[in-house]
Amino acid sequence: MTSIAVLPFDAIGSQGEQQILSEGLASEIHSKLSKLHRLRVASRRSAFRLRHNDSSLEEIASALKVRYVLSGVVVCSGSRV
């Protein structure tokens with residue numbers, strides 16, 4: 001069985017609403033992946049707890065006992081994402 005963790009996305013631009021959007025996108029992806037058959041997704045709470053951790057992706061994968069780690073960046077400029 002394949003295993004994955006979805007980390008909260010970083011927000012580039014002004015904080016506040018962009019950070020909420022970034023967390024919402026990561027949560028939605030986590031939710032959709034969790035419904036896929038034969039895919040184990042690390043808990044959202046465990047993955048999001050590592051938000052400000054300076055560990056490498058390999059170390060995070062090991063800590064969460066997953067093979068893959070999904071991370072990303074949301075860039076907001078005016079009304080564009």
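The values are calculated or read from the model by the stated rules, or taken from the named source; none is laboratory data. This is a predicted model, so every value here is computed, not measured. Cβ: placed from backbone, ideal geometry, glycine included. Neighbour counts: every protein chain shown. Ligands, DNA and RNA are stripped out before the accessible areas are found, and what is left, the full protein with its side chains, is counted by its heavy atoms. Shrake-Rupley method; radii C 1.70, N 1.55, O 1.52, S 1.80 Å.
Observations
- For residue 30, the conditions (1) in contact with a helix residue (DSSP H, G or I) (Cβ under 7 Å, 6 or more places away or on another chain); (2) open to solvent by 40 Å² or more (accessible area, probe 1.4 Å); (3) of a type outside the set (Ser, Thr, Tyr) all hold with the exception of (2).
- Number of the exception - residue 55 against (1) open to solvent by 70 Å² or more (accessible area, probe 1.4 Å); (2) outside any helix (DSSP H, G or I): (1)
- Qualifying residue in segment 36-52 (condition: charged (D, E, K, R), closer than 12 Å to residue 5 by Cα, part of a loop (DSSP other than H, G, I, E, B) and open to solvent by 90 Å² or more (accessible area, probe 1.4 Å)): no
- Among the residues of segment 63-71, at least one is on the phi > 0 side of the Ramachandran plot and either surrounded by fewer than 13 Cβ atoms within 10 Å (Cβ to Cβ) or touching a residue at least 24 places away in the same chain (Cβ under 8 Å) (or both).
- Counted residues, segment 1-30 - those being more than 12 Å from residue 64 (Cβ to Cβ) and either more than 11 Å from the chain's Cα centre (by Cα) or of a type in the set (D, E, K, R) (or both): 16
- Summed over segment 28-74, residues that are at pLDDT 95 or above and either of a type in the set (Phe, Trp, Tyr) or in contact with a Cys (Cβ under 9 Å, 6 or more places away or on another chain) (or both) total 1.
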